[in-house]
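To start, the structure under review is shown below, and the notes come after it.
The values are calculated or read from the model by the stated rules, or taken from the named source; none is laboratory data. Quick caveat: nothing in here was measured; it's all calculated off a predicted structure. Don't worry about glycine lacking a Cβ; one is built from the backbone with ideal geometry, like all the others, and counts go over all protein chains shown. What goes into the accessible areas is simple: the full protein's heavy atoms, side chains included, and nothing from ligands, DNA or RNA. Shrake-Rupley method; radii C 1.70, N 1.55, O 1.52, S 1.80 Å.
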Amino acid sequence: MPELPEVEITRRGIEPFVLGKTITGVAVRNPNLRQRVPRNLAKLVVGQRVRRLRRRGKYLLFECDGGSLIVHLGMSGSLRVIEPQSAPRKHDHLDLVFGGSALRLRDPRRFGVVLWSRGNSSGHPLLARLGVEPLSEEFATDFLYRITRGRNVGIKQLLMNAAVVVGVGNIYANESLFRAGIHPRTRAGRLSRARCARLVDAVRETLLAAIAAGGSSLRDFVHSDGASGYFQQHYYVYDRAALPCRVCGTGIRVTRLGQRSSFYCPTCQT
């Protein structure tokens, strides 16, 4: 699933093509995504000017004059800038046209979302309960230390809880915990303030490094121009089971936590 870096890269890639532009057309070929695309989407958005394009967690928000278009890439989606007359391929479910260019949503697994929210989108049910942004000032040592007190859940599962902190999925939770030297099964409530500080820094460093590298080339994720990222070439632990740790040489191990594979170095992470 595209995580925060991939969504942020998408936002940056498409922003020049949509900011200040007016939506002139909509083509919905398959409305059956995770939530059904509104039948009257064209009526709702055609004529709307995009005033701002921002990211909230893994959601893209096209903030317009009369509301916001909420887009989620799901597990396999991508948004690409195309020419409006380009012939669609299989899984190209929706186009947003902006005069001489268009955005095309490709989503093989159809877990994405395209919805319209009138007024302030922050109160929308999909967004209202989201946690703090990991690249914001709010995500600080004091916050993480406070939110972990009394919690017996493993710290990796807490990092992936979108009601606590948004956008940190399985890949970047694994990588952040390695950088912080923390075992993924460590009970959140047992983290000292010093270890919370290390983890906050590690999350930021990991996400910023991934953004700088163009994200990870997940199964179906590509940039808005069709290019791929290469952060996966720099993974310390994710998807490296049995390979030697890049730091100490110990074999990377894998276990299951919360139905997800967790990769770690038994020597570097305690």
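Going through segment 26-75 one residue at a time, which ones are among the β-branched types (Val, Ile, Thr) and more than 22 Å from the chain's Cα centre (by Cα)? Correct list: Val26, Val28, Val45, Val46. Pairing each residue of segment 61-76 that is over 17 Å from Gly123 (Cβ atoms) and open to solvent by 10 Å² or more (accessible area, probe 1.4 Å) with any residue that is in a strand (DSSP E or B) and of a type in the set (D, E, K, R), provided the two are 6+ apart or on different chains, yields C-beta distances under 7 Å for Asp65/Arg49; Asp65/Arg51. Per the listing Arg146, Arg198, Arg204, Arg179, the residue uniquely modelled with pLDDT of 95 or more, surrounded by fewer than 14 Cβ atoms within 10 Å (Cβ to Cβ) and part of a helix (DSSP H, G or I) is Arg146. Within segment 102-116, the set of residues being open to solvent by 40 Å² or more (accessible area, probe 1.4 Å) and either among the basic types (Lys, Arg) or free of Cβ contacts under 8 Å to residues at least 24 places away in the same chain (or both) comprises Arg106, Arg109, Arg110.
Which ones in segment 25-58 are among the small types (Gly, Ala, Ser) and without any contact (Cβ under 8 Å) to a residue 24 or more places away in the chain? The answer is Ala42, and nothing else. Of all residues in segment 77-101, exactly one satisfies the criterion of being without any contact (Cβ under 8 Å) to a residue 40 or more places away in the chain and not in a loop (DSSP other than H, G, I, E, B), namely Ile82.
Of Arg12, Arg49, Arg29, Arg34, all but one fail to be open to solvent by 40 Å² or more (accessible area, probe 1.4 Å) and closer than 23 Å to Pro125 by Cβ; the exception is Arg34.
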